[in-house]
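Colleague: What follows is a single structure, and I will ask about it in a moment.
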């Protein structure tokens with residue numbers, strides 16, 4: 001019976017070619033091999049996000065009147081609702097952390113060089129999508145901190161000329177952060193971004209399968225490469241087991257809290273800070289002088305971030321030495337300075353009042 | 001299996017929005033006592049988060065970690081076998 005079903009499928013689908021496509025990949029072995037695991041780890045937390053996110057949507061109500069109560073209901077009444085919400089929140093943080101490690105390790109290993117340019121571009125686009133998930137998901141619990149942080153966050157594009165007001169109204173959906181904003185954030189968070197990310201993840205994984213893992217420039221690979229299936233997959237499974245262990249430990253030991261229900265008429269509380277992955281932007285805006293050459297400091301920071309993001313996306317096309325298989329000193333310095341800047345600004349944002 | 005059990009348990013509760021709608025409907029048909037009695041009671045969420053018991057959290061953590069350790073051991077053994085077959089050191 002089973003054999004008949006398999007042969008029926010094989011007659012209609014190119015099963016053998018699909019199988020060959022997935023099996024043929026080899027993973028090189030060298031002293032930097034450990035960095036290969038962070039892409040798979042990011043994917044694992046992304047899957048956890050999808051599963052827990054779908055479960056949360058069954059009970060969540062995206063209206064200002066009901067949002068906070070529905071989250072309260074999930075946490076207090078739904079069996080293991082607190083655990084699912086906590087897994088969702090912690091896996092978001094771990095996913096972003098793993099994604100940054102994966103991205104910077106790919107950058108420092110010059111993995112974006114020919115023919116992997118599109119792999120880099122799709123990965124960089126995924127970074128923006130993931131940060132979009134973080135931004136749009138933050139408002140959903142509709143507690144005081146989420147409300148006022150979003151109020152500040154949605155005003156960030158306002159300093160940009162021409163597109164500033166349009167950007168703010170696009171994010172808010174109205175003059176104030178209210179029902180329209182919540183609906184907008186919810187639909188972007190649960191429909192638009194998941195669709196875009198699924199497309200980008202499929203494209204990214206397909207290209208990765210096609211080209212295989214990149215060997216860092218100047219690294220010797222004297223050891224025999226590992227066949228991806230099943231040898232590297234077993235290694236990936238072990239790293240995922242460890243990742244899931246860390247996730248469940250964080251979700252149970254430090255379950256996600258929830259503040260008081262947001263009151264738009266109340267004054268903003270002291271010490272509003274965004275999530276850790278937006279702290280570099282937050283701290284840069286705080287450190288910027290009010291005015292430089294008659295231009296506002298916020299505008300300059302936003303402009304620099306926009307330019308920086310565009311450069312980051314176009315790195316494979318700007319680093320000419322990479323395609324020749326050589327490391328470029330200015331780009332290496334740029335990467336290291338960027339990593340140090342991100343870490344420093346995050347720490348400063350936590351330390352400074 | 002654990003994931004499926006967790007999902008099944010989570011989805012066993014009535015949806016809060018649905019029960020609120022039921023309440024509204026029930027108010028309009030309050031005269032029909034039979035209908036009102038047959039409708040399940042509304043679960044009101046308390047105003048503050050009730051932290052899950054430490055023992056409940058500890059038990060979940062323990063069970064999941066033991067399962068993950070068992071799974072890790074199994075995968076580790078399979079990995080060793082596969083590596084030997086492929087001639088990897």
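Throughout, read-outs are computed from the coordinates displayed, never taken from laboratory work. Just so we're clear, the structure is a prediction, and the values are computed from it rather than from any experiment. Positions of Cβ are generated from backbone atoms using ideal geometry, with glycine treated the same way; all protein chains shown enter the neighbour counts.
Colleague: Return the FRET efficiency for the residue pair residue A:24, residue A:221: r is the Cβ-Cβ distance, R0 is 22 Å, and the value is rounded to the nearest 0.05. Don't jump to the answer; show the numbers that get you there.
Modeller: Working: r = 18 Å, r/R0 = 0.81.
Taking R0 as 22 Å, the efficiency between residue A:24 and residue A:221 is 0.80.
Colleague: For peptide A:236-244, what's the mean number of Cβ atoms from other chains within 10 Å of each residue's Cβ? Before the final figure, lay out the partial values.
Modeller: Values: counts 1, 7, 6, 0, 4, 10, 2, 1, 6.
Mean number of neighbouring Cβ atoms from other chains: 4.
Colleague: What does the structure give for B:48-54 when I average, per residue, the other chain Cβ atoms found within 10 Å of the residue Cβ? Don't jump to the answer; show the numbers that get you there.
Modeller: Details: counts 5, 10, 5, 5, 9, 0, 2.
Going residue by residue through B:48-54 and averaging, the value is 5.
Colleague: Among A:18, A:246, A:101, determine the one that fluctuates most according to a GNM of chain A built with springs between C-alpha atoms less than 10 Å apart.
Modeller: Checking each option, the largest mean-square fluctuation is seen for A:18.
Colleague: So, one more: Where the Cα atoms of the range A:132-285 are projected onto their three principal axes, how long is each span, largest first, in whole Å?
Modeller: 65, 44, 31 Å, listed from the longest principal axis down.
Colleague: Using Cα springs under 10 Å in a Gaussian network model of chain A, which residue among A:175, A:117, A:11 shows the largest mean-square fluctuation?
Modeller: Evaluated over chain A, the most mobile residue of the options is A:11.
Colleague: Taking the Cα centroid of the range A:153-205 and of the range A:328-344, what is the distance between the two, rounded to the nearest whole Å?
Modeller: 29 Å
Colleague: Using 1/(1 + (r/R0)^6) with R0 = 30 angstrom and r between the beta carbons of residue A:314 and residue A:205, what's the FRET efficiency to the nearest 0.05?
Modeller: Values: r = 22 Å, r/R0 = 0.74.
Calculated value: 0.85.
Colleague: Once the Cα gyration tensor of chain A is diagonalised, what are the square roots of 5 times its eigenvalues, in whole Å and ordered largest first, as equivalent ellipsoid semi-axes? List each step's numbers first, then the result.
Modeller: Details: eigenvalues 271, 168, 69 Å².
Its equivalent ellipsoid spans semi-axes of 37, 29, 19 Å.
Colleague: Another question, then. Summarise the long-distance tail of P(r) for the range A:78-193 by giving the % of C-alpha pairs beyond 17 Å.
Modeller: Working: 4343 of 6670 pairs.
Value for the range A:78-193: 65 percent of Cα pairs lie more than 17 Å apart.
Colleague: Rounded, prolate or oblate, given the Cα gyration tensor of the range A:262-333, with a/c below 1.5 counting as rounded? Spell out each step's value before the answer.
Modeller: Numbers: a/c = 3.49, a/b = 2.17, b/c = 1.60.
It is prolate, given that a/c is not under 1.5 and a/b is the larger ratio.
Colleague: Between residue B:63 and residue A:155, what is the label-point separation in nm under the 7 Å Cα-to-beta-carbon projection?
Modeller: 4.8 nm
Colleague: Once you have the Cα-Cα distance between residue A:348 and residue A:93, take 0.36 nm times their residue separation minus that, and quote the gain in nm to one decimal.
Modeller: Values: separation 255, 0.36 × 255 = 91.80 nm, distance 1.91 nm.
Stretched fully, the residue A:348-residue A:93 segment lengthens by 89.9 nm.
Colleague: For residue A:267 and residue A:175, what is the calculated FRET efficiency with R₀ set at 22 Å and r taken between the beta-carbons, to the nearest 0.05?
Modeller: 0.75
Colleague: Evaluate peptide A:68-75: per residue, the Cβ atoms of other protein chains within 10 Å of its Cβ; return the mean as an integer.
Modeller: Details: counts 2, 6, 5, 2, 8, 9, 4, 7.
Per residue, the average neighbour count from other chains is 5.
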